[in-house]
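Participant: One structure, pasted below without further comment.
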Amino acid sequence: MKTRIIAVLLLAVMAVTPVFASEDGPIGIITAMSNELSLLLENTDVKETETIGNVEYYEGLLQGKEVVLVKAGIGKILAAAGAATLINEFDVSSIIFTGIAGGVGDETKVLDIVVSTDLVVHDYGDITNAGFVWDPVSGSDEYGRIYADPGLIELAYTSAVGVVGEENAFKGNIATGDQFVASSSYVTQLQNKFDSLACEMEGAAVALVADQYEVPFVVIRCMSDKADGGAHESISNFGDIAADNSASIVLDMLNRM
Ligand code: ADE
């Protein structure tokens, strides 16, 4: 009888305990800038905030899932530090990067979504008097590519199609470098060298760290500009909307998990 009462009590406790996405750890969600984090943070029931290396990590529940949110900062260095901290300090089970990017593919228009299939570090290589030669050693395979998790890619793409429509949702390569690209001739190079659909400044850094630790990841980007001569004006007009669009995809993904 006593055992039965304990069992019933245990079941009752389990019924009111939130269902987490994974028993292995929370989902790490990383952004570079505040506008990329704000919609997610507004919707999170934050349980604890920890500051590590001057960066705030928010632990809590988002759409009923256990998450750790971080605005790691702009560029590959801070992105890599943020990803390593999510893995080492918070034991995240997966990592989702969300934010804005420059559209590189002819088909990727402002406010379209690109879900990473794979990423490259486009600015890694040798500089000589003859110019720049890209080095694929910056990636995780012989082609210099770092591959996102197939399950997360499909989930992100399904959410993207649901939120922005099939005509505005793409899957493909994202090129990362420590440069804001505002040059149509460099866009042509990214198309020709890597067949990239988008360019940004953090994704491949998060990808490489996640890959090294064997943590599944995906990068989701909404286009704020076309990485051409009009990129600075476009980002100031569309940056906040694009940041929210990308975050909305993450909310939808969490709902589906
Ligand atoms: N993020 C948003 N737009 C970008 C661009 N054109 N280049 C690099 N990062 C970006």
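The values are calculated or read from the model by the stated rules, or taken from the named source; none is laboratory data. Model, not experiment: these values are computed from the prediction. Counting neighbours? That spans all protein chains shown, and the Cβs are built from the backbone with ideal geometry, glycine included. Just the protein is used for accessible areas: all its heavy atoms, side chains included, with ligands, DNA and RNA removed. Shrake-Rupley method; radii C 1.70, N 1.55, O 1.52, S 1.80 Å.
Participant: Can you pull the percent of Cα pairs in the chain with separation above 28 Å? Kindly include the intermediate steps, with their values, before the conclusion.
Facilitator: Working: 10529 of 32896 pairs.
So the pairs more than 28 Å apart make up 32 percent of the total in the chain.
Participant: Would you calculate, for the chain, the mean residue ellipticity at 222 nm contributed by helices, counting each DSSP H stretch of 4 or more residues as -39,500 (n - 2.57) and dividing by all residues, to the nearest 500?
Facilitator: Values: 7 runs with 101 residues, N = 257.
Result for the chain, helices only: -13000 deg cm²/dmol.
Participant: Another one. Could you tell me the distance between the Cα centroids of the range 99-160 and the range 75-97, to the nearest Å?
Facilitator: Using only Cα atoms, the two centres lie 18 Å from each other.
Participant: Once neighbouring chains are kept in place and the probe is 1.4 Å, which whole percent of the accessible area of the chain is contributed by carbon and sulfur?
Facilitator: Details: 6420 of 11980 Å².
Of all accessible area on the chain, carbon and sulfur atoms account for 54 percent.
Participant: Have a look at C199, N35, G103 and report the one farthest towards the positive end of the charge dipole of the chain, computed about the Cα centre with Cβ charges (Lys/Arg +1, Asp/Glu -1).
Facilitator: Sorting the options by dipole projection puts first N35.
Participant: Across the range 113-125, in residue order, what do the Karplus-derived ³J(HN,Hα) couplings come to in whole Hz, using 6.51 cos²θ - 1.76 cosθ + 1.60 with θ = phi - 60° and x for Gly and Pro?
Facilitator: After applying 6.51 cos²θ - 1.76 cosθ + 1.60, I find 10, 10, 9, 6, 8, 7, 10, 10, 9, 6, 10, 9, x Hz.
Participant: Magnitude of the Cβ-charge dipole of the chain, K/R +1 and D/E -1, about the Cα centre, nearest 20 debye? Don't skip to the answer; put the middle values down first.
Facilitator: On the way: 13 positive and 37 negative charges, 125 e Å.
Dipole magnitude for the chain comes out near 600 debye.
Participant: Would you please put 52-61, 152-161, 221-230 in order of how densely packed they are, using the mean number of other Cβ atoms within 10 angstrom per residue and starting with the highest? Present the calculation step by step, with values, prior to reporting the outcome.
Facilitator: Working: 52-61: 15.3, 152-161: 21.0, 221-230: 23.9.
Answer by packing, highest mean first, reads 221-230, 152-161, 52-61.
Participant: Moving to a separate point now. If R0 is 41 Å, what FRET efficiency do you get for D135 and S34 from their C-beta distance, rounded to 0.05?
Facilitator: Working: r = 33 Å, r/R0 = 0.81.
Plugging the Cβ-Cβ distance into 1/(1 + (r/R0)^6) gives 0.75.
Participant: Which residues' amide hydrogens lie under 5 Å from the amide hydrogen of F217, considering only partners 5 or more residues apart or on another chain, with H built in the peptide plane?
Facilitator: The answer is I95, D149.
Participant: About the Cα centre, and with charges only on the beta carbon of Lys, Arg (+1) and Asp, Glu (-1), how big is the dipole of the range 115-257? Nearest 20 debye, please.
Facilitator: Working: 6 positive and 22 negative charges, 34 e Å.
That gives a dipole near 160 debye.
Participant: Within a Cβ distance under 10 Å of S94, other residues only, what is the Lys/Arg minus Asp/Glu net charge? Write down the numbers at each step before the final one.
Facilitator: Values: positive: none; negative: D24, D149.
Taking every Cβ under 10 Å from that of S94, the sum is -2.
Participant: Something else: Rounded, prolate or oblate: which fits the range 25-167, taking a ≥ b ≥ c as square roots of the Cα gyration tensor eigenvalues, rounded meaning a/c under 1.5, else prolate when a/b beats b/c? Walk me through the numbers before you get to the answer.
Facilitator: Details: a/c = 1.94, a/b = 1.35, b/c = 1.44.
Oblate, since a/c reaches 1.5 and b/c is not below a/b.
Participant: Name the residues whose placed amide hydrogens come within less than 5 Å of the amide hydrogen of L111, ignoring near sequence neighbours (fewer than 5 apart) on the same chain.
Facilitator: M223, S224, D225
Participant: So for the range 55-194, taking the charge dipole from beta-carbon charges (+1 Lys/Arg, -1 Asp/Glu), which of L61, L190, S159 sits furthest toward the positive end?
Facilitator: Result: L190, furthest along the dipole toward the positive end.
Participant: Take peptides 231-243, 165-177 and line them up by average Cβ neighbours within 10 Å, highest first, as a rough protection proxy.
Facilitator: Values: 231-243: 17.7, 165-177: 20.0.
Put in order of decreasing packing, that is 165-177, 231-243.
Participant: What ranking, highest mean first, results for peptides 85-95, 33-43, 244-254, 133-143 when packing means the other Cβ atoms within 10 Å averaged over each residue?
Facilitator: On the way: 85-95: 20.4, 33-43: 18.2, 244-254: 23.4, 133-143: 13.6.
Ranking the peptides 85-95, 33-43, 244-254, 133-143 by packing returns 244-254, 85-95, 33-43, 133-143.
Participant: Excluding ligands, DNA and RNA, what is the solvent-accessible area per residue of the chain at a probe of 1.4 Å, expressed in Å²?
Facilitator: Values: 11980 Å² over 257 residues.
Heavy-atom accessible area per residue stands at 47 Å².
Participant: Hydropathy first: keep DSSP H helices in the chain averaging at least 0.5 on Kyte-Doolittle, then drop any whose Cα extent along the axis falls short of 18 Å, and list what survives.
Facilitator: Details: long enough: 2-16 (22 Å, 2.08); 76-90 (20 Å, 1.09); 150-164 (21 Å, 1.31); 231-256 (35 Å, 0.05).
Helix filter hits for the chain: 2-16, 76-90, 150-164.
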